[in-house]
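S.K.: Submitted below is the structure of interest, expressed as structure tokens.
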Amino acid sequence: RMREVDLGCGKALLIKESGEFHAVGHKCPHYGAPLVKGVLSKGRVRCPWHGACFNIGTGDIEDFPGLDSLPRFQVKIEKEKVCIRASKQALQTQRRTKMMAKCISLSNYNLSSTNVLIIGAGAAGLVCAETLRQEGFSDRIVMCTMDRHLPYDRPKLSKSMDSHPEQIALRPKEFFCTYDIEVLTEMQVVAVDVKSKTAVFKDGFKMEYNKLLIATGNTPKSLSCKGKEMENVFNIRTPEDANRVVKLATSKNVVIVGASFLGMEVAAYLAERAHSVSLVELEHVPFKKFFGERVGRAVMKMFENNRVKFYMQTEVSELREQEGKLKEVVLKSGKVLRADVCVVGVGAVPATGFLKQSGINIDSKGFIVVNKMMQTNIPGVFAAGDAVTFPLALRNNKKVNVPHWQMAHMHGRIAALNMLAHGTEISTVPYLWTAMFGKSIRYVGHGEGFDDVVIQGDLDELKFVAFYTKSDEVVAVASMNYDPIVSKVAEVLAAGRTIRKRDVE
């Protein structure tokens, strides 16, 4: 059982499991979800919103998203009473950053050599660097990124588009200085020589490494029609892109191409700010491949009720300008849409082109192939995040690409542990969420190739849970207004148990 208890200057989560009492912070450090509404199972509590897991004995984070652990409080039983001792500070912050090492030998290095080089500064890169320090690694760590910012919360770019970089930073600048994690911004690696263990940068600078993590993520696809290079046509990649789109879209006409997660989240965010929002998509319902037709339709209806207009089963044939600015979007169906801003969300490709000649194994779609330890075919070279395919325990170790925030965190952690020769295999269950019009869809598992959907609840009321099945097995579950069902399923799947279609029915 779990109970939230008030200690005067803050709350704690009191847990009783197998006759033992534990007390930890009551809020998930990721986005502040009340953990008492989460799922308690075998020594850990799982967040009801985004699936992060914490050990109830130590408070340590065991699955992601988020970077911090929970504070742990002392519990004593005195004359039938449960007494909790907690520091005011821990009760107020409700988070604990794990102990970390620092670099003890910076002076031994010249500028162009490092022990660990991390290419990419998203969730995977940052968690890798932090895990190394948490495990006592005291050598040089260098991260490099093409971005001009320190690592930030990328999922927020399409969900709260006017966030400033400082507001969505994953760690403050001081953090990187304190723990000697060096971040080189606006630095692009253009080649990797695995024989000499050297990364070559665009400006000609070379850096030698001992261990390498490649976590470069994705590059968005652009449109292939006339006028795609025009001003006011955006892929949302950076906080600047997102901020600029909000500014230009306010009280104007917006056309979004692609009913992807990004496209739909942007449409939802701009719906009450723009004069009009139109969405162009090849399929006949949004999210069809991912959530199935019925859930896709329910989501589409919610958007239409919020003044978003859909143009389905068509694509863009031309973008037209007037005085150098975007004016109209012409569809293949012949329809012409007025447009002051166009946002493109038509998918992405792995950012791995620079590895073509490297000898690192890359599949036909451009994904880096890794094993369960996030190792590539080259010793000492690891890869993580959106740019990899890895064996998913949940689906009989089928090689999959899971381009989601939680998974990138876990990849980074596993890579770091194996750089330190821990022999740790990845076995985490994919968990993701999307937020639109103040409502969240949570999703767990890997539904690729599902052949049926069993729905409970009411799609029209947007209160439902959908079980995605393949032959007789539940491979994924999505829900809206039905917490904590998705976190419950995540715990069942994480324990290696199978849910059958008949169990659901």
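The values are calculated or read from the model by the stated rules, or taken from the named source; none is laboratory data. Owing to the predicted nature of the structure, the values given are computational and were not obtained by experimental measurement. In this analysis, Cβ positions are derived from the backbone assuming ideal geometry, glycine residues included, and neighbour counts consider all displayed protein chains. For accessibility, only protein heavy atoms count, side chains too; no ligands or nucleic acids. Shrake-Rupley method; radii C 1.70, N 1.55, O 1.52, S 1.80 Å.
S.K.: Name the residues in the range 348-369 that are part of a loop (DSSP other than H, G, I, E, B) and in contact (Cβ under 8 Å) with a residue 40 or more places away in the chain, would you? Please lay out each step first, then the result.
M.R.: Just the residues of the range 348-369 that are part of a loop (DSSP other than H, G, I, E, B), to begin with: 351-352, 356-361, 363-367.
Once the filter is applied, which keeps residues that are part of a loop (DSSP other than H, G, I, E, B) and in contact (Cβ under 8 Å) with a residue 40 or more places away in the chain, the range 348-369 yields A351, T352, Q357, S358, G359, I360.
S.K.: Right, V255: in contact with a Pro (Cβ under 8 Å, 6 or more places away or on another chain) and not assigned by the TED database to the domain that holds A478 or not? Write out each step before concluding.
M.R.: On the way: in contact with a Pro (Cβ under 8 Å, 6 or more places away or on another chain): no; not assigned by the TED database to the domain that holds A478: yes.
No; evaluated as a whole, the condition is false for this residue.
S.K.: Answer with yes or no whether A274 is open to solvent by less than 60 Å² (accessible area, probe 1.4 Å) and farther than 28 Å from F467 by Cα. Lay out the reasoning, then the answer.
M.R.: On the way: open to solvent by less than 60 Å² (accessible area, probe 1.4 Å): yes; farther than 28 Å from F467 by Cα: yes.
In short, yes.
S.K.: With A393, A415 as the choices, which residue is buried (at least 23 other Cβ atoms within 10 Å of the Cβ), in the same structural domain as A123 (by the TED database) and not polar (S, T, N, Q)? Break it down into steps so the answer makes sense when it comes.
M.R.: Numbers: A393 fails: buried (at least 23 other Cβ atoms within 10 Å of the Cβ).
Within the list A393, A415, the selection yields A415.
S.K.: Of everything in the range 335-344 that's part of a loop (DSSP other than H, G, I, E, B) and open to solvent by 10 Å² or more (accessible area, probe 1.4 Å), which residue is farthest from R273 (Cα to Cα)? Show your work before the answer.
M.R.: To start, the set of residues in the range 335-344 that are part of a loop (DSSP other than H, G, I, E, B) comprises 335, 339-340.
Those still in the list that are open to solvent by 10 Å² or more (accessible area, probe 1.4 Å) too: 335, 340.
Details: K335: 24, D340: 13 Å.
Per the stated criteria, the residue is K335.
Every residue, every condition in (1) outside the structural domain of H275 (by the TED database); (2) at pLDDT 95 or above; (3) open to solvent by 20 Å² or more (accessible area, probe 1.4 Å), yes or no:
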| residue | (1), (2), (3) |
| --- | --- |
| M161 | yes, yes, no |
| K173 | yes, yes, yes |
| T185 | yes, yes, yes |
| F205 | yes, yes, yes |
| K247 | no, yes, yes |
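S.K.: Continuing with this model, one more query. Pairs only if they're at least six apart or on different chains, beta carbon under 6 angstrom, first in the range 166-177 and within 9 Å of L150 (Cβ to Cβ), second part of a loop (DSSP other than H, G, I, E, B) and open to solvent by 40 Å² or more (accessible area, probe 1.4 Å); list them, first residue then second.
M.R.: A169/L150
S.K.: Sticking with this one: Report yes if G38 is open to solvent by 20 Å² or more (accessible area, probe 1.4 Å) and over 19 Å from T93 (Cβ atoms), otherwise no.
M.R.: No.
For every residue, the table says whether it meets (1) open to solvent by 70 Å² or more (accessible area, probe 1.4 Å); (2) closer than 30 Å to T434 by Cα; (3) of a type in the set (G, A, S).
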position	(1), (2), (3)
L67	no, yes, no
K88	yes, no, no
L91	no, yes, no
Q94	no, yes, no
M99	yes, no, no
L111	yes, no, no
L117	no, no, no
Y152	no, yes, no
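Yes/no matrix, rows are residues, columns are (1) in a helix (DSSP H, G or I); (2) touching a strand residue (DSSP E or B) at 6+ places or on another chain (Cβ under 6 Å); (3) in contact (Cβ under 8 Å) with a residue 60 or more places away in the chain:
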| site | (1), (2), (3) |
| --- | --- |
| S196 | no, no, no |
| D203 | no, no, no |
| M207 | no, yes, yes |
| L212 | no, yes, yes |
| T219 | no, yes, yes |
| E240 | yes, no, no |
| R244 | yes, no, no |
| I256 | no, yes, yes |
| F303 | yes, no, yes |
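S.K.: Next question, about the same structure. Of T198, T178, T216, which residue is under 14 Å from A121 (Cβ atoms) and of a type in the set (S, T, N, Q)?
M.R.: Details: T198 fails: under 14 Å from A121 (Cβ atoms); T178 fails: under 14 Å from A121 (Cβ atoms).
Step by step, each of T198, T178, T216 is checked, and only T216 is under 14 Å from A121 (Cβ atoms) and of a type in the set (S, T, N, Q).
S.K.: A further question follows. Can you tell me how many residues in the range 99-117 are outside any strand (DSSP E or B) and within 30 Å of the chain's Cα centre (by Cα)? Step through it out loud before you land on a result.
M.R.: Quick first cut of the range 99-117, residues outside any strand (DSSP E or B) only: 99-112, 114-115.
Checking which are within 30 Å of the chain's Cα centre (by Cα) leaves us with 99-103, 114-115.
Residues flagged as outside any strand (DSSP E or B) and within 30 Å of the chain's Cα centre (by Cα) within the range 99-117 amount to 7.
S.K.: Those residues that are among the hydroxyl-bearing types (S, T, Y), at pLDDT 95 or above and not in a strand (DSSP E or B), I need them from the range 311-334; list them, please. Let's see the steps before the verdict.
M.R.: Taking the range 311-334 as the starting set, the residues that turn out to be among the hydroxyl-bearing types (S, T, Y) are 311, 314, 317, 333.
Now narrow it down to the ones that are at pLDDT 95 or above: 311, 314, 317.
Across the range 311-334, the qualifying residue is only T314.
S.K.: Could you please let me know if A33 is surrounded by 24 or more Cβ atoms within 10 Å (Cβ to Cβ) and of a type in the set (A, V, I, L, M, F, W, C)? Let's see the steps before the verdict.
M.R.: On the way: surrounded by 24 or more Cβ atoms within 10 Å (Cβ to Cβ): no; of a type in the set (A, V, I, L, M, F, W, C): yes.
No, not satisfied.
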